[in-house]
Each structure stands twice: as C-alpha cells, then as structure tokens.
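Engineer: Sending over a structure as structure tokens; questions will come in a sec.
The values are calculated or read from the model by the stated rules, or taken from the named source; none is laboratory data. Here the structure is a predicted model, which is why all the values come from computation and not from measurement. When we count neighbours, we look across all protein chains shown, and the Cβ atoms used for this are built from the backbone with ideal geometry, even at glycine.
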Amino acid sequence: MKTAVEELSPTRVRLTVEVPFEELGESMQAAYKKVAQQVRVPGFRPGKVPARIIEQRFGRAVVLEETLNDAVPKLYGQAVDESDIFPVSQPEIEVTKIEDGEQVEFTAEVDVRPQFEIPEYADIEVTVPSSEVTDADIDEQLDGLRQRFATLTGVERAAAGGDYVVMDLAASIDGANIEEQQASEVSYEVGAGSVLEGLDASLEGMSAGEEKVFTSTLVGGQNAGDEAEITVSVKTVKEKVLPELDDEFAQLASEFDTLDELRESLRGQIRHNKLIDQIAQARQKALDALLDRIEIPLPESAVKTEIDTRKHNLEHQISDSGLSKEAFYRLYQTSEEERFKEFEDAAAKALRTGFVLDKIARAEELGVSEQELTNFVIRRAGEIGVAPNTLAQHLAENDQLTLAMVEIVRDKARAVVGDAATVKDEDGNDVDLKAIYREIGGPTEEPEDTDEPTAESSSDEPTDDTETTK
C-alpha cells in the first residue's frame, strides 16, 4: 500500500491511497461469504454457493463492492497510522480507481489537528489570590453554617424580603382554571427570584390570609408562554431566625465542643481551599498565557461538533428543568443568543487548549498509571454519587476509559505549565507550588468541597419552628 498526503489547508488533508489487489484477499474472501449467505441458488445450501457461481449469477461487481466496503475503512485507518496526521472528523472517502486484479485507489479528505510549535513557557509570570485567612473569611463560613441551622418562626406581620411564606397558587386563562398550574402549601422565600414574574413583588406586603391576583407568563406545562391571571393566597408568614454564635451552636453544627475550636478548624479548611485555589489558578493562568503566544488554526468541523454538543446539552438541560425556553433564560439572566455566543468562544478555547496540552503531554512523555486511573474513577464517582465499581464498569462498557486517560494526561500537562511559571500572590509574595504540594498532600490533588466543618445532617431550608409565634 502506498499513501500520499496532500495538505489542502492548515487543518485539512487529502490522502491518496494505492492498494495492490493482492492485499484485498482477506476482504474478498469475507465478501464471498457474505454474498453467499444473502443469495439463494437452486442446488446449493445458504452460505455454500461457490465463488464462481456467485460471479456467474450476480456479477463480479457485487463482490467487488462488498470487498471495498470491508477493506477501505481498514486501509484508511492503516494509512492514517502510517502518516503523521491526527484526524478530528469523519473522512470523506471516494474510490477513484478499480483495476480488477491489479490495484485499487481511493482518496480520503479529512480535517486534522494543525501543526504548530510550543513556545518557551518557563518565563511566564502569573498572579494568584493570597492564601492568608482573615477573620472575615471565617465569619463568612460561620454565617453560612448559621443559615443552614436557622429556624422559621411565625410572625403576625406582612411578608418582607427574606421571609418564608406558605402559599397556594392558581392560574387561569380567560376565566378557565389551568389544572396543572394549581399548587397548594408551597413554601417559598420572598425575594428568591421566582421564574414566575411578578410573584416576589406581589408577596411583599402580603399577610397571612390575604389573596392577590396578578398577570404573568406561564413558564411550564402545556400553556408555557401564555399570559395568565395568577392568584396567590398566603397561608402563613415566617421569618428566619439564626442561632446564637456560641459553644452550643458549635456542638449543634459540628463535631467540636467550643466555638473557638470550630473557628480554628474552619481556619485550617479555608487555608487548605485557598492553597488548592492557588494551584488551580496558577495552572490555568499560566496555560492561558501560553495560549496567547500561539496561533492555532482550528478545523471548522471540530468547532462545529463542539458547539453542537454544547447546544444539545443545553436542550436537555432546558427540557429537564420543565421550564419554557423564555423562563429558563430569564432564570439564568441570559438569552439564547448570549449562550450560543458563549458556546462559540468556549468551543474554540477548548479545542486550542486540548491541542496544546496533548502536544505538551507527548513532548514530556506523560502517561497514566493504573493507580492514577483508579484515583480518577474514585474521585469522579464521589462527585456524581455512584459506587466506583459502577462507574468503572460504565466507562469500560462505553469505551470511555481512553477519554478518562486523556483527561488525566491533560491535567498533568497543565501542571507542567503551571509548575514552570513564576507565581506571586496579590500581595507580591512568592508562591512556592512545590511547598503547597507538600502541605496538602501532592501535586495532583483536586479541589474539594470542604467549605464547612463536619456537621450533623441538616436541610438547606431553615427548620420550621411551629411552636414559636410573634
């Protein structure tokens, strides 16, 4: 087999492949067997029709077509392996010559990774946030804990922002009630930002036992997008009461006996998180600086595929939310046009980042050990809430272990760039990433969600203290 590579553009090539006919022998035998299984010839059992009979009855062209259907994809893969190219799209293949008994020729046009050089990056300088833990940092964490352990106390006054109300909701269009839009005993925090426009404004100033009607656009169900009259009936109004910040609270919210012990634990956790954030930001900022030094033409098909994937995921996200498109974008204070523009920018950056990290990984000969793959599966399983064995089986059955290894190697390449940079914090102090690795337990540690101390199980919504009223 002989292969010629013609560069059509910096991101697209044409392979011209010439194959001597004798190299098609295995595929031709497979073609005869396949045709023999499909045809019916008197005097022969299915699958036992001789090759010469097949050619006499159905023609040589039928066999050649099946032969090429089997051989060309394999030959294309072989041609790619022998050429210094990295396809990023499906090839457009055309058989251009068939000389029966002599040779076959075909071309394959395909988008490929562009050729580029990695410039020097040891001179990159980046700035990251300080790792100093302030009293304000600790107070912010304590306030978050107090919010988690707050109680709701009934009040005899009008609702204000931050209060919780229990309410009934009903919707009607032209006087006809919309059954699927009825809801009873709904608990809601006033001012939380409902996707139902006008709800927060209507609730403020309402007291228990009062009813109000306002006009809004329905955000879900069969009538999503239609204007309707919304009736809201307030049943109760409750205010959020935060627990006192004392030793008793420390015992309630954590494993510690005193508030001072809780504060000290929070200090350590906050520092740990800030150090991990310094690592993450140093790596990303160093990589961004490196990307700014490189011009990389991007294959259009790869960009389109990346954008289409993000759009597809967005459609699922909107569908799963149960909201109309308008309500969904209103909830996230954006628009479809803005999201699509973000996708274009993010897709281009993701491709450029992947190309650069892969090239660095090859240059540094970075690989993945079995333990690193195991650690990745365990960590990812914890993030999505499944057993590690379950996730490992899913990755293996869906041919995603290779993708997992690519992600690991790219993270290691990102670390290479970050470690080579000069890092300072916002106060001008030198940041020694290697010293941070030693303190937190290794360079590959990922950020953890450790903003809060070990605490008893509690709801994110304040406890309803029904015995206290004002």
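Engineer: When you scan segment 246-253, do you find a residue that is part of a strand (DSSP E or B) and not small (G, A, S), even just one?
Structural biologist: No - not one qualifying residue is present in segment 246-253.
Table: residues versus (1) surrounded by 12 or more Cβ atoms within 10 Å (Cβ to Cβ); (2) farther than 30 Å from K359 by Cα; (3) at pLDDT 90 or above; (4) of a type in the set (F, W, Y).
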position: G385; (1), (2), (3), (4): no, yes, yes, no
position: L391; (1), (2), (3), (4): yes, no, yes, no
position: M405; (1), (2), (3), (4): yes, no, yes, no
position: R410; (1), (2), (3), (4): yes, no, yes, no
position: V416; (1), (2), (3), (4): yes, no, yes, no
position: E426; (1), (2), (3), (4): no, yes, yes, no
position: Y437; (1), (2), (3), (4): yes, no, yes, yes
position: A455; (1), (2), (3), (4): yes, yes, no, no
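Engineer: Here is a list: V237, V166, V219, V232. Which entry is under 33 Å from the mean Cα position of the chain (by Cα), surrounded by 14 or more Cβ atoms within 10 Å (Cβ to Cβ) and among the β-branched types (V, I, T)?
Structural biologist: Working: V237 fails: under 33 Å from the mean Cα position of the chain (by Cα); V166 fails: under 33 Å from the mean Cα position of the chain (by Cα); V232 fails: under 33 Å from the mean Cα position of the chain (by Cα).
Just one listed residue meets the conditions, V219.
Engineer: Would you confirm, using the coordinates I've provided, whether D247 is acidic (D, E) and under 22 Å from A136 (Cα atoms)?
Structural biologist: Taking the combined requirement at face value, the residue satisfies it.
Engineer: Let me ask another. I'd like the full set of residues that are of a type in the set (A, V, I, L, M) and either farther than 18 Å from A171 by Cβ or outside any strand (DSSP E or B) (or both), limited to segment 200-226.
Structural biologist: Our first condition is that a residue be of a type in the set (A, V, I, L, M); within segment 200-226, this holds for 201, 203, 206, 208, 213, 218-219, 224.
Those that are of a type in the set (A, V, I, L, M) and either farther than 18 Å from A171 by Cβ or outside any strand (DSSP E or B) (or both): A201, L203, M206, A208, L218, V219, A224.
Engineer: Restricting to segment 295-342, and then to whatever is assigned to a helix (DSSP H, G or I) and polar (S, T, N, Q), can you tell me which residue is farthest from D200 (Cα to Cα)?
Structural biologist: If we filter segment 295-342 for residues that are assigned to a helix (DSSP H, G or I), which is where we start, we get 300-321, 325-331, 336-342.
Within this subset, residues satisfying the condition of being polar (S, T, N, Q) are 301, 305, 309, 313, 317, 319, 321.
On the way: S301: 46, T305: 41, T309: 36, N313: 30, Q317: 25, S319: 25, S321: 20 Å.
The qualifying residue farthest from D200 (Cα to Cα) is S301.
Engineer: Looking at segment 312-341, which of its residues are surrounded by 13 or more Cβ atoms within 10 Å (Cβ to Cβ) and of a type in the set (D, E, K, R)?
Structural biologist: Listed by number, the residues that qualify are K325, E326, R330, E336, R339.
Engineer: Considering only residues that are within 30 Å of I294 (Cα to Cα) and in contact with a Lys or Arg (Cβ under 6 Å, 6 or more places away or on another chain), which ones fall in segment 121-150? Full working, then the answer.
Structural biologist: Of segment 121-150, the ones within 30 Å of I294 (Cα to Cα) are 121-130.
Within segment 121-150, V126, T127 meet the criteria.
Engineer: Checking the condition outside the structural domain of L323 (by TED's automatic domain parsing) and not in a strand (DSSP E or B), which residue from E229, E180, E185 passes?
Structural biologist: Working: E229 fails: not in a strand (DSSP E or B); E185 fails: not in a strand (DSSP E or B).
Sole residue among the options that is outside the structural domain of L323 (by TED's automatic domain parsing) and not in a strand (DSSP E or B): E180.
Engineer: What are the residues in segment 343-377 that are over 28 Å from P119 (Cα atoms) and at pLDDT 95 or above, if any?
Structural biologist: Those that are over 28 Å from P119 (Cα atoms) and at pLDDT 95 or above: none in segment 343-377.
Engineer: Any residue at all in segment 258-267 that's assigned to a loop (DSSP other than H, G, I, E, B) and buried (at least 16 other Cβ atoms within 10 Å of the Cβ)? Show your work before the answer.
Structural biologist: The first filter runs over segment 258-267 and keeps only residues assigned to a loop (DSSP other than H, G, I, E, B), leaving 258.
Filter once more, keeping what is buried (at least 16 other Cβ atoms within 10 Å of the Cβ): none.
Within segment 258-267, none of the residues are assigned to a loop (DSSP other than H, G, I, E, B) and buried (at least 16 other Cβ atoms within 10 Å of the Cβ).
Engineer: Can you pull out every residue in segment 274-314 that is within 30 Å of Q90 (Cβ to Cβ) and acidic (D, E)? Give the steps one after another, and end with the answer.
Structural biologist: As a first pass, look at segment 274-314 and keep what is within 30 Å of Q90 (Cβ to Cβ): 287, 291, 294-314.
Those that are within 30 Å of Q90 (Cβ to Cβ) and acidic (D, E): E295, E300, E306, D308.
Engineer: Can you spot a residue in segment 286-301 that is under 30 Å from T134 (Cβ atoms), buried (at least 19 other Cβ atoms within 10 Å of the Cβ) and in contact (Cβ under 8 Å) with a residue 24 or more places away in the chain?
Structural biologist: Of the residues in segment 286-301, the ones under 30 Å from T134 (Cβ atoms) are 286-289.
Now restrict to residues that are buried (at least 19 other Cβ atoms within 10 Å of the Cβ): 286-287.
Narrowing the set further to residues that are in contact (Cβ under 8 Å) with a residue 24 or more places away in the chain leaves 286-287.
So far as segment 286-301 goes, yes, one or more of its residues are under 30 Å from T134 (Cβ atoms), buried (at least 19 other Cβ atoms within 10 Å of the Cβ) and in contact (Cβ under 8 Å) with a residue 24 or more places away in the chain.
Engineer: Can you say whether D168 is at negative phi, part of a helix (DSSP H, G or I) and either charged (D, E, K, R) or without any contact (Cβ under 8 Å) to a residue 12 or more places away in the chain (or both), as far as the supplied structure shows?
Structural biologist: Numbers: at negative phi: yes; part of a helix (DSSP H, G or I): no; either charged (D, E, K, R) or without any contact (Cβ under 8 Å) to a residue 12 or more places away in the chain (or both): yes.
Criteria not met by D168.
Engineer: While we're here: Restricting to segment 321-353, give me the number of residues that are of a type outside the set (S, T, N, Q) and under 30 Å from S89 (Cα atoms). Lay out the reasoning, then the answer.
Structural biologist: We begin by selecting, within segment 321-353, every residue of a type outside the set (S, T, N, Q); these are 322-323, 325-332, 336-352.
Then keep just the ones that are under 30 Å from S89 (Cα atoms); that gives 336-352.
The qualifying residues number 17.
Engineer: Condition (residue is exposed (fewer than 12 other Cβ atoms within 10 Å of the Cβ), of a type in the set (A, V, I, L, M) and under 31 Å from the mean Cα position of the chain (by Cα)) applied to segment 127-148: is it met by at least one residue?
Structural biologist: Within segment 127-148, none of the residues are exposed (fewer than 12 other Cβ atoms within 10 Å of the Cβ), of a type in the set (A, V, I, L, M) and under 31 Å from the mean Cα position of the chain (by Cα).
Engineer: Which number in (1) at pLDDT 90 or above; (2) of a type in the set (D, E, K, R); (3) surrounded by 11 or more Cβ atoms within 10 Å (Cβ to Cβ) marks the one condition that D464 misses?
Structural biologist: It fails just one condition, (1).
Engineer: Identify all residues within segment 193-211 that are in contact with a Gly (Cβ under 9 Å, 6 or more places away or on another chain) and surrounded by fewer than 16 Cβ atoms within 10 Å (Cβ to Cβ); write none if there are none. Walk me through how you get there before you give the answer.
Structural biologist: Applying the first criterion (in contact with a Gly (Cβ under 9 Å, 6 or more places away or on another chain)) to segment 193-211 yields 195, 200, 203-204, 208.
Matches in segment 193-211: E204 only.
Engineer: Count, please, the residues in segment 201-215 that happen to be without any contact (Cβ under 8 Å) to a residue 24 or more places away in the chain and either within 17 Å of K240 (Cβ to Cβ) or not aliphatic (A, V, I, L, M) (or both). Spell out how you get there, then give the answer.
Structural biologist: Taking segment 201-215 and keeping what is without any contact (Cβ under 8 Å) to a residue 24 or more places away in the chain, we get 201, 211-215.
Next, only the ones that are either within 17 Å of K240 (Cβ to Cβ) or not aliphatic (A, V, I, L, M) (or both) stay: 211-212, 214-215.
Result for segment 201-215: 4.
Engineer: Right, next: Just the residues that are surrounded by 13 or more Cβ atoms within 10 Å (Cβ to Cβ) and within 31 Å of the chain's Cα centre (by Cα), please, taken from segment 102-126.
Structural biologist: Going through segment 102-126, the residues surrounded by 13 or more Cβ atoms within 10 Å (Cβ to Cβ) turn out to be 103-116, 118, 121, 124, 126.
Matches in segment 102-126: E109, V110, D111, V112, R113, P114, Q115, F116, I118, Y121, I124, V126.
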